[in-house]
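Asker: Below is one structure. I have some questions about it.
The values are calculated or read from the model by the stated rules, or taken from the named source; none is laboratory data. Predicted model, so just to flag it, every value in this text is computed and none were measured. Here the Cβ positions follow ideal geometry from the backbone for every residue, glycine too, while neighbour counts run over all protein chains shown.
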Ligand SMILES: NC(=O)c1ccc[n+]([C@@H]2O[C@H](COP(=O)([O-])OP(=O)(O)OC[C@H]3O[C@@H](n4cnc5c(N)ncnc54)[C@H](O)[C@@H]3O)[C@@H](O)[C@H]2O)c1
């Protein structure tokens, strides 16, 4: 049966993939986005099929209109920047925590049954053990990470617990996305913008800039896998009140990533090293067993394939 889903931040990178995946399966999609980093072009191909609203996710009057009759909210709207969160912590707190609180308030008021929230691997800080499981204690290392952990907390305390309906409280789940990449990602993204920047440098025939020795690792997860995880989370109450990792489960060094990008771009590998960036974590990868158990999620797109798709998209979009 088709559902009506509100996607906050739906004009952003991940949001545009989620919105399209929902449309493809026959859902009715409403988008609320203030276009601060999102772009109308991200939804251009499906513009006529989406109920698109430009506005702030903290606007209760707007949320009232959009949550009435909605079955679920996928809450992605946020300032997704660690740097911005150090420069303007109050603003990031206002949008990220205030936005989540506003969504939860409206969802409860208008009987929305499900809220899926974009949390982040940033909540872990530097993981003690890699791959990192949800059992590791979060030690957020930035105001951004604190805002995501706070969002998770509001979902838990304002949502319904597993197996119960608390008044009109929705069932909630927080998905801790790792380093998401793919078509439509802005090169400025601090998560996986490195892929977009590598692809652009390889296209221009320039060497790829790596900060530090390039042996730091990340879990790069292709955006279509992330969109699928969101759809799976919408379709089950198994993870209610929980926070669940969504990654590829694979640790990739930046040097291996550089090699994959150059391979997909058909250019020889050339790297220049810059001094390491302060405060950067050394190793990261998701333990995805809980996502598999609760949501039935399995990453399907290997890095070489995802990088090739990203290279092809950049070539087409220029
Ligand atoms: N990209 C990643 O690797 C990654 C990893 C972990 C978590 N996340 C989270 O996933 C979500 C989506 O990230 P993304 O990479 O697509 O970033 P993005 O910047 O492309 O998307 C965020 C969207 O939210 C919108 N937005 C921002 N403030 C708003 C406000 N006050 N009101 C309404 N809309 C607002 C922006 O215009 C944008 O379209 C974010 O919550 C981010 O924190 C992303």
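Yes/no matrix, rows are residues, columns are (1) away from the ligand (no atom under 13 Å from the Cβ); (2) in the same structural domain as residue 15 (by TED's automatic domain parsing); (3) over 20 Å from the mean Cα position of the chain (by Cα):
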| site | (1), (2), (3) |
| --- | --- |
| 152 | no, yes, no |
| 158 | yes, yes, yes |
| 170 | yes, yes, yes |
| 194 | no, no, no |
| 201 | yes, no, yes |
| 204 | yes, no, yes |
| 215 | yes, no, yes |
| 230 | no, yes, no |
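Asker: Answer with yes or no whether residue 57 is under 17 Å from the mean Cα position of the chain (by Cα) and either more than 9 Å from the ligand (Cβ to nearest atom) or more than 13 Å from residue 30 (Cα to Cα) (or both). Steps first, please.
Answerer: Working: under 17 Å from the mean Cα position of the chain (by Cα): yes; either more than 9 Å from the ligand (Cβ to nearest atom) or more than 13 Å from residue 30 (Cα to Cα) (or both): no.
Criteria not met by residue 57.
Asker: Taking residue 44, is it away from the ligand (no atom under 12 Å from the Cβ), under 24 Å from residue 222 (Cα atoms), more than 16 Å from the chain's Cα centre (by Cα) and at pLDDT 95 or above?
Answerer: Details: away from the ligand (no atom under 12 Å from the Cβ): yes; under 24 Å from residue 222 (Cα atoms): yes; more than 16 Å from the chain's Cα centre (by Cα): yes; at pLDDT 95 or above: yes.
Yes: the conditions hold for residue 44.
The rows are residues; the columns are (1) free of Cβ contacts under 8 Å to residues at least 40 places away in the same chain; (2) out of contact with any strand residue (DSSP E or B) (no Cβ under 6 Å at 6 or more places or on another chain); (3) crowded, with 24+ Cβ neighbours inside 10 Å.
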site	(1), (2), (3)
196	no, yes, no
205	no, yes, no
209	no, no, no
215	no, no, no
222	no, yes, yes
235	yes, yes, no
248	no, no, yes
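Asker: To continue, here is another question. With respect to residue 74, determine if the residue is in contact (Cβ under 8 Å) with a residue 60 or more places away in the chain, under 18 Å from the mean Cα position of the chain (by Cα) and within 14 Å of the ligand (Cβ to nearest atom).
Answerer: So residue 74 passes the test.
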